[in-house]
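Engineer: The following block contains the structure, expressed as structure tokens.
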Amino acid sequence: MNQPRILLQLDCDQQPSSFDAVVAIDSNVDHLLPYANVEAQSVVPLVHGAIFTRGPEQLKQTAIFVGGSDVGRGDEIGAAIRAAFVGPMRVSVMLDGNGSNTTAAAAVLCAARHLPLEGATATILGGTGPVGVRAARLLLQQGAAVHLVSRNLERAEQTCHQIASELPEAVTSGLQPTAADQVDAVLTDTSLLLACGAAGVRLLSATQLALASQLQVAIDLNAVPPAGLEGIDVMDKAMQRGNRIDYGAIGVGGLKMKLHRAAIQRLFSANDLFLDTSEIFQIGLDLEAARQSSA
Amino acid sequence: MNQPRILLQLDCDQQPSSFDAVVAIDSNVDHLLPYANVEAQSVVPLVHGAIFTRGPEQLKQTAIFVGGSDVGRGDEIGAAIRAAFVGPMRVSVMLDGNGSNTTAAAAVLCAARHLPLEGATATILGGTGPVGVRAARLLLQQGAAVHLVSRNLERAEQTCHQIASELPEAVTSGLQPTAADQVDAVLTDTSLLLACGAAGVRLLSATQLALASQLQVAIDLNAVPPAGLEGIDVMDKAMQRGNRIDYGAIGVGGLKMKLHRAAIQRLFSANDLFLDTSEIFQIGLDLEAARQSSA
Amino acid sequence: MNQPRILLQLDCDQQPSSFDAVVAIDSNVDHLLPYANVEAQSVVPLVHGAIFTRGPEQLKQTAIFVGGSDVGRGDEIGAAIRAAFVGPMRVSVMLDGNGSNTTAAAAVLCAARHLPLEGATATILGGTGPVGVRAARLLLQQGAAVHLVSRNLERAEQTCHQIASELPEAVTSGLQPTAADQVDAVLTDTSLLLACGAAGVRLLSATQLALASQLQVAIDLNAVPPAGLEGIDVMDKAMQRGNRIDYGAIGVGGLKMKLHRAAIQRLFSANDLFLDTSEIFQIGLDLEAARQSSA
């Protein structure tokens, strides 16, 4: 018989995310152990407590979730967890600081419902933030070209350079940094538009959007008015507007939540999973395949 | 099928109250999420995590309890929670910082077992503290006149002014501030005496108590010797002494605990309850009615 | 019907031990309430919340575990908990800061499988640390003589003096402080060798070990290479080497874990247990007796 499912919630914030806590409970975690103010350098005893308390065949019943508002610190914590494992004594881990992985994956999965990502030309506004970077990586890996847009060209260039250093060259040849004030020029050949900017910031006017004559799918992940993309509603879910399919933040949110829960449940299927952007996207592809076959 | 019942315990203290935690668990909460050092200004993400994680029909399975030793800060947190709700996306809330609401309600309910509150003349010692203020409000709302006593007349006046500003004028006409050194004069017409002073402080001597010739019920909420009212025992529960019925802190405590648990359980009956003093008192009235009908 | 089993985990560290949390859950605790940064002087409200929330017959369903890396502070917390109880209103308590009690007890129990402790001559390396001191007490109480070894003779003398002040004189007559650089002299008559030094510190070379011609059992509790006792492997569990039986840290760990779980479960059998070194060792003796009778 299996022991209860225990999830350690390692959170870099002063208050561990109640959002992540509720989702964990709704993903059939039996006991949640939240830890606040977690830092990469203090992770070892927490990890050792997770890996040295159950027999090898029961280690899959313990897992670690890394959340919190500072996505970069979450990545450092993830690396520190990995380093603290002792050979086969390890537990599965999911990284989703600020929901960045599940959000980026869900957005890309929504797009994939309406156009082939292979060969698509995507423009990512707010492309240097955690969600933007993750969406860029996923889109490139699926064969899309990506205009990565930032108000600051230098930051866009640095981010593209960083992404290029992490992925095969064949995949990143279509990656181009773009300054926000030059975005009109790249909109003309854009088939997929993704707005990942800060909450409550208008990124494109309706006039600008009209320039994107090839646009098939527009996704705005900003939930706080005004919309990042003028004319898109936060509730839009595959809303047809002319030739365009629109998604708002809440329209993407349903799949994001489903994916978050599925990923937590997946953690308890083995003791050696490390669910970062790509692995979470793959779980999403599985969900989408199951959805299509049941439809 | 309903999702598990989750209670967020928002506590302003460094250690979230273990008292509130045990009572929550004994009220059939499935998962308790305690948060320490909570401040009104940091409440938004905690509330959003509660309201944006479950579907509308399941939001009643999530609730928030506000506790901690600083009752004023608890009230601020309650207001901040309300402000953070987004339209129908909300969860039920209970305020009971330092047990002040359940204690005040239980004390008034104990009194109501023995005399009609309508037309009673109540004297509240320690009337400017959280329990005293709450008991005063409840007694006024039930039609009693209230002498609100404090060592400091100015504080008594300020408190009465504050109470009068919150309640209908018809209800507060019988509210009178009294300095503790003038209390003998008001004891003569007092039918209900309630001692809500600090732990271990003697408020009235037996000689003073003897002045209260009309006194029907005396309740002392101080659990630490010496008694606030000389001659009343902490264990007294409807103890007859001459013409007087006495209650001590533990004598009231049974009903307080029952009420605390009933209020927590009530939270999960809907997603839009806000249980403050009056609502908790009303739950107590329901308990008392059920008790009488089963007796 | 019994109410759910609640365990308060009072931990002096910034992050409550995840090790202790997982073990508690695996010992059938229904609800774990972890508290971080606990200090002896802040224990009263936590204890009162534990003892004043359930009826007398249900108090055995609430218990307190004291853990954390600072064993001395854990002892102070334990004393403060005891002082906060109110007559029969109390709950059971287990002290196991840094696993010191369960580790010391398990090591002594492993030894007792292979030689009579009564009349044995034990040498304890790292004898002034929490595990060493506890093992020394247990061995003396079982009738062994003990050479308590420290790099610092003065600390060894102080520790022996402290132990002698706590136990009957008849029991401590065989207790002798020894400086680490004089250890060769005491090895010649040692039948039981226990290494309780710091992680990753070599305490005895193979050459020195060879001096211990009477040695029957050698136990090395250091899990981090190099071994405390040269030639002993961390996985050794009753490994025969010549005339000697060897145990490494993981070899002792199985019994330590079993004992930790059994002690947590024992907490919920009554509301007045106080499980410190001797009581935990006694639970271990019961486990060993059950093991032998079932073998």
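The values are calculated or read from the model by the stated rules, or taken from the named source; none is laboratory data. Fair warning: this is a prediction, and the values are worked out from it, not measured in the lab. Counting neighbours? That spans all protein chains shown, and the Cβs are built from the backbone with ideal geometry, glycine included. Areas reflect the complete protein model, heavy atoms only, side chains present, ligands, DNA and RNA absent. Shrake-Rupley method; radii C 1.70, N 1.55, O 1.52, S 1.80 Å.
Engineer: Could you sort B:R54, A:R151 by accessible area so the largest value comes first, with the probe set to 1.4 Å? Mind dumping the intermediate values first?
Structural biologist: Working: B:R54 10, A:R151 215 Å².
Solvent-accessible surface, decreasing: A:R151, B:R54.
Engineer: So what J values fall out for the stretch B:55-68 if you push phi through Karplus, 6.51 cos²θ - 1.76 cosθ + 1.60 with θ = phi - 60°, rounded to Hz, Gly and Pro as x?
Structural biologist: x, x, 6, 9, 5, 6, 8, 10, 8, 10, 10, 10, x, x
Engineer: For the stretch B:204-212, what does the Karplus curve 6.51 cos²θ - 1.76 cosθ + 1.60, with θ = phi - 60°, yield as ³J(HN,Hα) per residue in whole Hz, taken in order and with x for Gly and Pro?
Structural biologist: 9, 7, 4, 4, 5, 4, 5, 5, 7
Engineer: Could you tell me the accessible area of A:M89 in Å² (1.4 Å probe, neighbours in place), rounded to the nearest ten?
Structural biologist: Per-residue accessible area (A:M89): approximately 50 Å².
Engineer: Amide H to amide H under 5 Å from A:Q14: which residues, 5+ apart in sequence or cross-chain, H placed 1.01 Å off N in plane?
Structural biologist: Distant-sequence amide H within range of A:Q14: A:N37.
Engineer: At q = 0.13 Å⁻¹, what base-10 log of I(q)/I(0) does the Debye formula yield for the stretch B:56-115 when every alpha carbon is treated as an equal point scatterer in vacuo?
Structural biologist: The computed values of log10 I(q)/I(0) come out as -0.46.
Engineer: List residues of the stretch B:141-168, by number, whose backbone nitrogen lies under 18 Å from a label position 7 Å along Cα→C-beta of B:Q208.
Structural biologist: B:146-157
Engineer: Per the 1.4 Å probe, what fraction of the accessible area of chain C, in percent, lies on carbon and sulfur atoms? Walk me through the numbers on the way to the answer.
Structural biologist: Details: 6010 of 11730 Å².
Carbon and sulfur: 51 percent of the exposed surface of chain C.
Engineer: Determine the shielding of peptide A:27-34 by partner chains: average, over its residues, the number of Cβ atoms on other chains within 10 angstrom of each Cβ. Mind dumping the intermediate values first?
Structural biologist: Numbers: counts 0, 1, 2, 2, 10, 5, 8, 4.
Mean partner-chain Cβ count within 10 Å for A:27-34: 4.
Engineer: Further, regarding this structure: Using a Förster radius of 30 Å, what is the FRET efficiency between C:I250 and A:E39 based on their Cβ-Cβ separation? Nearest 0.05, please. If you can, show how the numbers build up before the last one.
Structural biologist: Numbers: r = 29 Å, r/R0 = 0.96.
The computed FRET efficiency comes out at 0.55.
Engineer: Let me ask you something else. Could you tell me how far the Cα centroid of the stretch C:2-31 sits from the Cα centroid of the stretch A:1-53, in Å?
Structural biologist: Using only Cα atoms, the two centres lie 13 Å from each other.
Engineer: Right, here's the next one. Might you report the magnitude of the Cβ-based charge dipole of the protein assembly as shown about its Cα centre, with Lys and Arg at +1 and Asp and Glu at -1, to the nearest 20 debye?
Structural biologist: Working: 60 positive and 87 negative charges, 339 e Å.
The dipole magnitude comes to about 1620 debye.
Engineer: Run the 1.4 Å probe and let me know the accessible area of B:V133, rounded to the nearest 10 Å².
Structural biologist: Surface open to solvent at B:V133 totals about 20 Å².
Engineer: Would you work out if the protein assembly as shown is rounded, prolate or oblate? Take a ≥ b ≥ c from the square roots of the eigenvalues of the alpha-carbon gyration tensor; rounded if a/c is under 1.5, else prolate when a/b is larger than b/c, oblate otherwise.
Structural biologist: On the way: a/c = 2.47, a/b = 1.00, b/c = 2.46.
Oblate, since a/c reaches 1.5 and b/c is not below a/b.
Engineer: Keeping all protein chains in place and using 1.4 angstrom, which order do C:S213, A:S100 fall into by accessible surface area, from largest down? Write out the running numbers ahead of the final one.
Structural biologist: Working: C:S213 85, A:S100 0 Å².
Largest accessible area first, the residues go C:S213, A:S100.
Engineer: Related question: Under 5 Å between amide H atoms, partner at least 5 residues away or on a different chain: which partners does B:V201 have, H built in plane at 1.01 Å?
Structural biologist: Those qualifying (amide H under 5 Å, at least 5 residues apart or on another chain) number zero.
Engineer: Another one. Kirkwood Rh over Cα pairs of the stretch C:105-253 into Stokes-Einstein at 4 °C, 1.567 mPa s: D in µm²/s?
Structural biologist: 88 µm²/s
Engineer: Hey, can you find the accessible area per residue of the stretch A:105-253 for me, probe 1.4 Å, expressed in square angstrom?
Structural biologist: On the way: 6420 Å² over 149 residues.
On a per-residue basis, the stretch A:105-253 sits at 43 Å².
Engineer: If you don't mind, there's one more thing I want to ask. Got the C:R151 label distances to the other copies yet, label 7 Å along Cα→Cβ, in nm, shortest first?
Structural biologist: Values, ascending and in nm: 5.6, 5.6.
Engineer: Under 5 Å between amide hydrogens, which residues at least 5 positions from A:T190 or on another chain qualify, with H placed 1.01 Å from N in the peptide plane?
Structural biologist: A:Q214
Engineer: If you don't mind, another one. How large is ³J(HN,Hα), in whole Hz, for each residue of the stretch C:172-189 in order, when computed from phi with the Karplus curve 6.51 cos²θ - 1.76 cosθ + 1.60 and θ = phi - 60°, using x for Gly and Pro?
Structural biologist: Taking θ as phi minus 60°, the curve returns 9, 4, x, 8, 10, x, 9, 7, 4, 7, 10, 5, 3, 5, 8, 5, 4, 9 Hz for the stretch C:172-189.
Engineer: Taking the label point 7 Å from Cα in the Cβ direction, how far apart in nm is A:A270 from each other copy of itself, listed shortest first?
Structural biologist: Copy-to-copy label distances at A:A270, shortest first: 4.9, 5.0 nm.
Engineer: Let me ask something additional. Compute for chains A and B the buried accessible surface, both sides summed, probe 1.4 Å, and express it in Å² to the nearest 100. Provide the component values of the computation, followed by the final result.
Structural biologist: On the way: alone 12960 and 12950 Å², together 24690 Å².
Accessible area lost upon association: around 1200 Å².
Engineer: Let me ask something else about it. Need the C-alpha centroid separation for the stretch B:112-135 versus the stretch C:270-287, integer Å.
Structural biologist: So the separation of the two Cα centres works out to 50 Å.
Engineer: Could you give the size of the charge dipole of the stretch A:105-253 about its Cα centre, using +1 on the Cβ of each K and R and -1 on the Cβ of each D and E, expressed in debye and rounded to the nearest 20? Don't skip to the answer; put the middle values down first.
Structural biologist: Values: 9 positive and 13 negative charges, 62 e Å.
Taking the Cα centre of the stretch A:105-253 as origin, the dipole is about 300 debye.
Engineer: Starting from the Kirkwood Rh over alpha-carbon pairs, what translational D in µm² s⁻¹ does chain B have by Stokes-Einstein at 37 °C and 0.692 mPa s?
Structural biologist: Numbers: Rh = 19.6 Å.
The estimated diffusion coefficient comes to 167 µm²/s.
Engineer: Shifting gears a bit: With the dipole of the stretch A:181-277 worked out from charges on the C-beta (+1 for Lys and Arg, -1 for Asp and Glu) around the Cα centre, which of A:L187, A:T277, A:V201 lies farthest toward the positive end?
Structural biologist: Towards the positive end, the residue furthest out is A:T277.
Engineer: Once you order the gyration tensor axes a ≥ b ≥ c over the Cα atoms, which shape class does the stretch A:1-78 get: rounded for a/c under 1.5, otherwise prolate or oblate by comparing a/b with b/c?
Structural biologist: On the way: a/c = 2.54, a/b = 1.36, b/c = 1.87.
Oblate.
Engineer: In bins 5 Å wide, starting from 0, what share of all Cα pairs of the stretch B:124-195 does each bin hold, as a percent?
Structural biologist: 3, 19, 34, 26, 15, 2
Engineer: If I ignore ligands, DNA and RNA and count only protein heavy atoms, how much of C:E279 is accessible to a 1.4 Å probe, in Å² to the nearest 10?
Structural biologist: 80 Å²
Engineer: Suppose R0 equals 25 Å. What FRET efficiency, 1/(1 + (r/R0)^6) with r the Cβ-Cβ distance, do C:A83 and C:S278 give to the nearest 0.05?
Structural biologist: Details: r = 20 Å, r/R0 = 0.81.
FRET efficiency, C:A83 to C:S278: 0.80.
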